Amino acid sequence: MSVARQFLVASLVILLVGMLVIGVWVSYQIENRVLNQTAAITALYVDSFVSPRIQELADNETLSAEVMQGLDLLIAGTPLGEEIVSFKIWSNDGRILYSADRDLIGAEFGVDEELEGAIGGEVVSSISELNKPEHAHERERWDRLIETYAPVRREGTQEVMAISEFYQLPEDLESQILSAQRQSWLVVGMATAIMYALLAGIVGRASRTIQRQQADLEDHVEELQHTLQQNEILRRQIQRAGARTTALNERFLRRLSSDLHDGMGQDLTLALMRIEAFRDGGPGDSELLTEGVPSSTDVDIIQSALNSAVEELRATTDGLRLPELEEFEIVEVARRAIRAFESKSGLQVELEAEPIEQGWPMPLKITLYRVIQESLANSYRHSNGANRKVKLWENGGRLLVQISDDGEGFDLDLAAKSGGLGLAGMRERVELLGGTFEIEANLGQGTTVSCSLPLTEMQW
């Protein structure tokens, strides 16, 4: 069972036990209160009849025959006799002074707890099973009676001079007690049911809230686990990309060094050699000097070499330097990359771009520019494509880019084995931002470069 159900079962048991305990206690209290109240009222009624007739006990230890006859008539011929079925008078030392059974008069039975309470001035009442020796006369006619002990005081004082004991039939009183007990049980039962219903409602509502929160928590944990898995995949990709980037950077530096050495370096070396020949007099190079002044041929060679070196340097720096992109949005960044290619190649490139929200970070702009730049450059160098197209659109919080041509295409396996830097560099740039990079190329069927970049910086 769920915790809520366990709590409801436990609370039901506790409430039932509490109801039983409270019900029994209330029933007992009702019985005692009704019994004592009835006895007290009857005792006052009895005392009003009996006390004036037995005041002679203030001076004598026994009652006269005339008083006893009067008591007999009092019980037999008055309304008091309708309420009381038996009557006795006790002395303070436990001796019977009057009884309808004359054989009991003078008998001593000692002072028990009830008699002692009456001697102390209290009205003591209980339902008796008639099992004491002094109950022999009553046992012959009844099984149980209401037995009441009431003090009889000396007239004008609070001194208890005798005890009156009277017996009543319990049926009417028991009926009243039973009715009151039933009502009390009904009230206690209804109160318990209402408390349990309220408690069940509160616990049920809390349980549903907990279950809903638990389901939400499980969903969050699932999402967190998925996110952690994605983060772990991205972390591994970044590690691999970092390692590959280091190797690519080294290869790029070697290629740049080779290009500078073979291109601009050779041109500058040639120019320096001509200048040194002119400075040193150039023995054996009479064709290079005319009266100590460099010939037009020397100047042309030096100028041509230096111009070539400058052009090579500009081309190299132009390829390394990006235009200012920070103030431009995504579509404008793509448009500038296309314009740069068109100005150098003299070819036209079609741009198809859907509206894209503004405010994307600089790393994404740089990557977009480099991917378009490198893809178009590769298309120009290798595919001889007649039609080139760049397409941009946004889907599901990601920027999708597609650069295609309808040229000769190439073999992807051979390109991968050649160790070129262009394709590997583009892939590394895209994957470092948490994106994906794909190339579709077949001989004679053109080439398509596709990449997907996250538009939210939190994914980087």
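What separates the Cα centres of segment 1-21 and segment 329-408 is a distance of 72 Å. Once backbone amide H atoms are built at 1.01 Å from N, Arg388 has Glu350 as its partners under 5 Å, excluding neighbours fewer than 5 places away on the same chain.
Taking 0.36 nm per residue of separation and subtracting the Cα-Cα distance, full extension of the segment from Val9 to Arg370 would add 123.0 nm. Here the extension length gained between Leu199 and Gln225 equals 5.6 nm, from 0.36 nm per residue of separation less the Cα-Cα distance. Listed by chain and number, the lysines whose C-alpha is less than 23 Å from the C-alpha of Lys344, apart from same-chain residues fewer than 8 away, are Lys365, Lys389, Lys391. When both segment 155-210 and segment 44-76 are represented by their alpha-carbon centers, they are found 39 Å apart. Counting neighbouring beta carbons within 10 Å and listing from fewest to most, the residues Val26, Val17, Val124 come out as Val17, Val26, Val124.
Rounded to the nearest 20, the Cβ-based charge dipole of segment 3-169 about its Cα centre (Lys and Arg +1, Asp and Glu -1) stands at 860 debye.
Readers should treat all values here as calculations from the given coordinates under stated rules, not as data from a laboratory. In this text, all values refer to a predicted model and were calculated from it rather than measured experimentally. Don't worry about glycine lacking a Cβ; one is built from the backbone with ideal geometry, like all the others, and counts go over all protein chains shown.
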